[in-house]
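This report concerns only the one structure given below.
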Amino acid sequence: MGSAIRLSKGQLTTEFTPLYQVPNDRIAILKSIILTNLSDSSQTVSLKMAGAYIMKEKTLLAGESYQASVFDQVIVSGETIEGKASQGLDYYISGKLLLPQDIASETQWMQEQWDSWWATHPEAFEALWNSWLQSKTSEPDGIFYQEWKEWFDRIQEITHETADLVPWTIFRKHEESLLAHGELINTHRTEKDNKGIFTKIQWYRRDKTLAKESKLNGGNSPRYANRTVTYFEADGETIQSTILYKQIYNEEGDWIEEVIIDE
């Protein structure tokens, strides 16, 4: 690209002000922005390029110089570089001004560098990816494989009957029993714990007889260990059946599901 020229030099004020604006019909390829704190105390400095921060509230110690990372960044006609310091601060901007039609030839070396890099690196990335994937999915130690195997073993224990027919049959049986004695029209919630959870819920039929009762028990609120559901005959007193559900939580204590452990 040839040597850089000084685009601007001066002092940053305590408010954002334009340090340099690209002239009309020109493109600037920046080489460096060097900031120097000539005071006896630390200063805070910020820089914007075309409205976006390239440095935000960076502290420069007394006598310290800093070169902002703007090497070969391109800004176009009318765009500005702005800066702000806590006190007066020396700055030095260098780069090269081009006509738009010259940008291709001036940046050809950048394209060639990119092409060379791209020609060699995808294979390296692919090798790294394959190595990482193999470490996660390999048997028997890969974490992805272990999680899949745990899930797969679990679903093998669930037969067609336990996954579908039995729960559906139980549901239909209780549904028929409840409907046989009229629809449920009232729900009573009682025995609220210190977390505001009602631990006992009762459902009543139209004739005011108790049809169903659910109670949480075991453990501590809000993570109860069990839920007991009791179904009653038409008289509302005789127990028809009782089902005990175990409450399942994840490691964070969030409720996941409940499973039948006794009926």
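Read the figures in this text as sums done on the coordinates, not as results from a lab. Because the structure is predicted, anything quoted here is derived from the model rather than measured. As a convention, Cβ positions derive from the backbone with ideal geometry for all residues, glycine included, and neighbour counts pool all protein chains shown.
Odds and ends about this structure:
- Residue pairs, from the table K192/K246; K9/K56; K149/K246; K195/K246; K149/K215; K31/K56, whose Cα atoms sit over 29 Å apart: K149/K215
- If R0 equals 35 Å, the separation of the Cβ atoms of Q11 and A127 corresponds to a calculated FRET efficiency of about 0.10.
- Sorted peptide list for 18-29, 81-92, 125-136, 235-246, criterion being average Cβ within 10 angstrom, highest first: 81-92, 18-29, 235-246, 125-136
- Debye log10 I(q)/I(0) for the chain, one point scatterer per Cα, at q = 0.15 Å⁻¹: -1.14
- Per-residue ³J(HN,Hα) for the range 229-239, Karplus 6.51 cos²θ - 1.76 cosθ + 1.60, θ = phi - 60°, Hz, x for Gly and Pro: 10, 10, 10, 10, 5, 4, 6, x, 10, 6, 6
- The range 1-45: C-alpha gyration tensor shape, a/c 1.5 cut-off, then a/b vs b/c: oblate
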